[in-house]
Amino acid sequence: MPDQKSLEPTNAEAQSPASWSAPVFRDNVLGYVQDLMRNPENRVPPERVVLQLTQDPDFQTVLKSWESLNGADRVAAWKKVLALAEHHAREVLPACLMCGECCRMGSPTLHLEDLELLQKGAIPWEAVYTLRRGEPVHSPFKKDLFFLLDERIKVREKPGTTECLFLDGQTQRCRIYADRPLQCRAQACWDSAPAQDLSTQPYLTRRDIFKDVELVMDIMAEHDRRCRFDQLVAAFKEMEASKGATVDKVLHLLAYEEHFRTFMGEKLGIPDKELELVFGRSFVALLPLFGCAVKIEPDGTRVLVPDKGDTAGSSTS
Ligand code: SF4
């Protein structure tokens, strides 16, 4: 009777596809895809490569028959799978496989056509926020800040990430896929033309949402007048030039903007989670763009401190 040791596969046998079970075969496919990603010429994201490969009929045939193949056929099938994986790592298939890659790069900006999704509750009001005209945002292509020429309304991103709020963390699928916004429906990682065509579609603005509520329109306009981003930017520049001597000007603007939104929000009965839709992001929320954060001292006074991480990194497209 052979001893236990002689039953264990040798290194050479374990490395040969001929000895792999179907689960080991699958693990090695995933490992090979990860290896392919180290080559900068392979530009298709790994999640998408795996989806393309596993939905490829040739791969499915190999997977289904793996256990019944003899050693020589397994080696031949493995070589075929390697070639398929290399092909899918280079070529994006012209179809949405719901790999979630676009959704991890940023949340959608809403168009007028998307208003219906908000009105029927497919997208909750608290899931969106406003980027006001003149607001400093990061360019998606460069580190520099730029200032928005027009207002935009966006779906929120998960805190501290660029990942869309509606991307399910476990399944990596969109939680509102059937009701996803226009930009998501037009987005195609294999063809930029449909997304470019969107430039002719009007963007959604707060006016489209609140035009029938005169009081809210008036208060929003007042907030836009009294709490302008150019004032905040100028105060930061002055503080830098004065080496911090004029920090109170920045703190005053922060406190005033905070007071305005809180006070008016209470007066108008706006839920806290919807304040960023009505008034946009607060000045305080934008501080990381200027490398700062607010710290509240034990006696209640507010001081500006260096920010430890950029948490206001919203970009827009
Ligand atoms: S709404 Fe859905 S499809 Fe659109 S970016 Fe978010 S998760 Fe992706």
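The values are calculated or read from the model by the stated rules, or taken from the named source; none is laboratory data. The structure displayed is predicted, hence computed values, not measured ones. Counting neighbours? That spans all protein chains shown, and the Cβs are built from the backbone with ideal geometry, glycine included. Accessible surface is based on the protein model in full, side chains and every heavy atom, while ligands, DNA and RNA are left aside. Shrake-Rupley method; radii C 1.70, N 1.55, O 1.52, S 1.80 Å.
Is the shape of segment 101-306 best called rounded, prolate or oblate, per the rule: a/c under 1.5 gives rounded, else a/b larger than b/c gives prolate, else oblate, with a ≥ b ≥ c the square roots of the Cα gyration tensor eigenvalues? Walk me through the numbers on the way to the answer.
Details: a/c = 1.89, a/b = 1.51, b/c = 1.25.
It comes out prolate by the Cα gyration axes.
If you count only protein heavy atoms with a 1.4 Å probe, what accessible area per residue comes out for segment 4-90, rounded to a whole Å²?
Ligands and nucleic acids excluded, the result is 61 Å² per residue.
Say we join alpha carbon atoms closer than 10 Å with springs in a Gaussian network model of the chain; which of ARG90, ARG261, ARG104 then has the biggest fluctuation?
ARG90
Please list the non-local residues whose amide H lies under 5 Å from the amide H of CYS292, H modeled 1.01 Å from N, same-chain partners needing a gap of 5 or more.
ASP307
Under 5 Å between amide H atoms, partner at least 5 residues away or on a different chain: which partners does HIS111 have, H built in plane at 1.01 Å?
Long-range HN contacts for HIS111: LEU182, GLN183, LEU204.
Could you tell me what percent of the DSSP beta bridges with both partners in the chain are antiparallel, to the nearest 5?
Close to 95 percent.
Give the shape of segment 169-208 as rounded, prolate or oblate, defined through the alpha-carbon gyration tensor: a ≥ b ≥ c are the square roots of its eigenvalues, a/c under 1.5 means rounded, and otherwise the shape is prolate if a/b is larger than b/c and oblate if not.
oblate
Could you check the spin-label model distance between ALA72 and LEU148? Points 7 Å from the Cα along Cα→Cβ, value in nm.
Result: 6.6 nm between the two label points.
For GLN34 paired with LYS80, estimate the spin-label separation in nm (one decimal), with each label point 7 Å from Cα along the Cα-to-Cβ line.
That separation, rounded to one decimal, is 2.7 nm.
For GLU41 and ARG133 in the same chain, what is the full-extension length gain: residue separation times 0.36 nm, less their Cα-Cα distance, in nm?
Extra length from GLU41 to ARG133 when fully extended: 29.2 nm.
If I model a spin label at GLN196 and MET105 as a point 7 Å from the Cα along the Cα→Cβ vector, what separation in nanometres do I get?
1.5
Using only Cα atoms, find the angle between the long axis of helix 22-37 and the longest principal axis of the chain, and express it within 0 to 90 degrees, rounded to the nearest 10.
Result, in degrees: 50.
Using the alpha-carbon centroid of each, what span in Å lies between segment 140-214 and segment 235-306?
26
Report ³J(HN,Hα) in whole Hz for each residue of segment 105-122, in order, from the Karplus equation J = 6.51 cos²θ - 1.76 cosθ + 1.60 where θ = phi - 60°; Gly and Pro get x.
For segment 105-122, the Karplus-derived couplings read 7, x, 8, x, 8, 8, 10, 3, 4, 7, 4, 4, 5, 6, 5, 8, x, 5 Hz, x marking Gly and Pro.
Could you list which residues have their amide H under 5 Å from that of ARG173, counting only those 5 or more apart in sequence or on another chain, with H placed in the peptide plane?
ASP168
Rounded to the nearest 0.05, what FRET efficiency is calculated for LYS237 and LYS64 with R0 set to 51 Å and r the Cβ-Cβ distance?
Once rounded, the FRET efficiency stands at 0.20.
If you count only protein heavy atoms with a 1.4 Å probe, what accessible area per residue comes out for segment 101-306, rounded to a whole Å²? Could the numbers behind the result be given before it?
Numbers: 11420 Å² over 206 residues.
Accessible area per residue, segment 101-306: 55 Å².
Calculate what fraction, in whole %, of the accessible area of the chain sits on carbon and sulfur atoms when a 1.4 Å probe is rolled over the protein chains. Intermediate values should be presented prior to the final figure.
Values: 10020 of 18310 Å².
Its accessible area is 55 percent carbon and sulfur atoms.
In segment 221-242, which residues have a backbone nitrogen under 18 Å from the label point lying 7 Å from THR262's Cα in the Cα-to-Cβ direction?
223, 227
Which longest uninterrupted range of the chain lacks any chymotrypsin sites (Phe, Trp or Tyr not before Pro) assigned by DSSP to a loop state (not H, G, I, E or B) and surrounded by at most 15 other Cβ atoms within 10 Å?
The reported range is 1-140.
I'd like the FRET efficiency for ASP272 and LYS308, computed as 1/(1 + (r/R0)^6) with the beta carbon distance as r and R0 of 25 Å, rounded to 0.05.
E(calc), rounded to 0.05, equals 0.50.
Based on DSSP H runs of at least 4 residues, each adding -39500 (n - 2.57), what is the mean residue ellipticity at 222 nm of the chain after dividing by all its residues, to the nearest 500 deg cm²/dmol? It would help to have the intermediate numbers written out before the result.
Working: 16 runs with 144 residues, N = 317.
It comes out at -13000 deg cm²/dmol, rounded to the nearest 500.
Apply 1/(1 + (r/R0)^6) to the Cβ-Cβ distance of ALA95 and LYS211, taking R0 = 45 Å, and write down the FRET efficiency to the nearest 0.05.
The formula returns an efficiency of 0.70 here.
Quote the relative contact order of segment 101-306 in percent (integer), defining contacts as alpha-carbon pairs under 8 Å separated by 6+ residues. Display every interim value, and only then the final one.
Numbers: 257 pairs, mean separation 47.2, N = 206.
Relative contact order comes out at 23 percent.
From the phi of every residue in segment 195-208, what ³J(HN,Hα) in whole Hz does the Karplus formula 6.51 cos²θ - 1.76 cosθ + 1.60 yield, where θ is phi - 60° and glycine or proline is x?
Calculated HN-Hα couplings, in order: 5, 5, 4, 5, 4, 8, 8, x, 6, 6, 10, 5, 4, 4 Hz.
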